[in-house]
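Before any comments, here is the structure.
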Amino acid sequence: MNYTKEMCVFLLSNKELIEQESLTEHVEATVFKAINRAISNRLGERSPWRTRFGLVVEDEDGNDDTVFAPLDWPTKPGHADLAVFRLAETDPNANSYWLGSALGLNGCTLCFEFWMDGRPAGPSRYKVKQHLEAFLKEKEVLQKAGFQFTKRGTLTLPFTLDPVVVAKEFPDLKKSLEPMTAALETVLKLMPEFDNFVKNTLPA
């Protein structure tokens, strides 16, 4: 990242911030607690789900990711993920705080990502990627909703929080989460499409 002279002067003029990396982490944790709580509350209205809500801030079970899937979607042995929606960054190689991605910094944003793995009995991970790409091309409703096929073979629905609105509401975030909640509603509305895809691609 390139820093302007003004940014450097601001830091030097506010020396108490020099050792405050934890300040960024505190703000980031507050924002993601609100995001995870909002997703959890919404999914609580629709059951049954298999969920984890620990991205950035580990949940009480020690999970460090935020994932959800209908309970009847198949899993790997030991209930490991096989097909899920997860909270992710649009750039998997982003080397920055999750908070930066949430606010759309450095060309990266957050997204709801539909991820599916292969399995020994088939189809392979490579075949799954091919099926997913074809699925998006065939389903105009997904394209219109904003879903994108990624190089890593997933489908993503990006969203960005407005830094100005987040700053105005902090720490009690509600309205500032609307871009995320709108994206979540889109995912839930289109869940029947994904449900059919999962069950046709990974039959029991």
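When every alpha-carbon pair in region 20-201 is counted, what percent end up more than 23 Å apart? Walk me through the intermediate numbers first.
Details: 6837 of 16471 pairs.
Pairs farther apart than 23 Å: 42 percent.
Exposure proxy check: MET116, MET191, MET180 ranked by fewest other beta carbons within 10 Å?
Values: MET116 26, MET191 14, MET180 22.
Lowest count first: MET191, MET180, MET116.
Annotation: lysines with alpha-carbon distance below 21 angstrom to LYS144 (same-chain offsets under eight excluded): LYS129, LYS189.
The phi torsions of region 73-89, fed into the Karplus equation with coefficients 6.51, -1.76 and 1.60 and a -60° offset, translate into couplings of 6, x, 10, 7, x, x, 6, 5, 4, 10, 8, 8, 9, 9, 7, 8, 9 Hz, rounded to whole numbers, with Gly and Pro shown as x. Among VAL187, VAL84, VAL165, the largest mean-square fluctuation in a Gaussian network model of the chain (Cα springs under 10 Å) belongs to VAL165.
Look at the dipole of region 20-201 built from charges on Cβ: of ALA182, THR156, SER124, the Cα furthest out on the positive end belongs to SER124. Once each of the trypsin sites (Lys or Arg not before Pro) sitting in a DSSP loop with at most 14 other beta-carbon atoms within 10 Å is removed, the chain keeps 47-150 as its longest stretch.
Only helical runs count toward this figure. For the chain, summing -39,500 (n - 2.57) over DSSP H runs of n ≥ 4 and dividing by all residues gives -13000 deg cm²/dmol at 222 nm. Dividing the mean sequence gap of close Cα pairs (under 8 Å, 6+ apart) by how many residues region 1-144 holds gives a relative contact order of 13 percent.
Each reported figure results from applying straightforward, stated rules to the coordinates on display, with no laboratory input. Bear in mind the structure is a predicted one, so any value in this text is a computation, not a measurement. Virtual Cβ from ideal backbone geometry, glycine too; neighbours counted across all protein chains shown.
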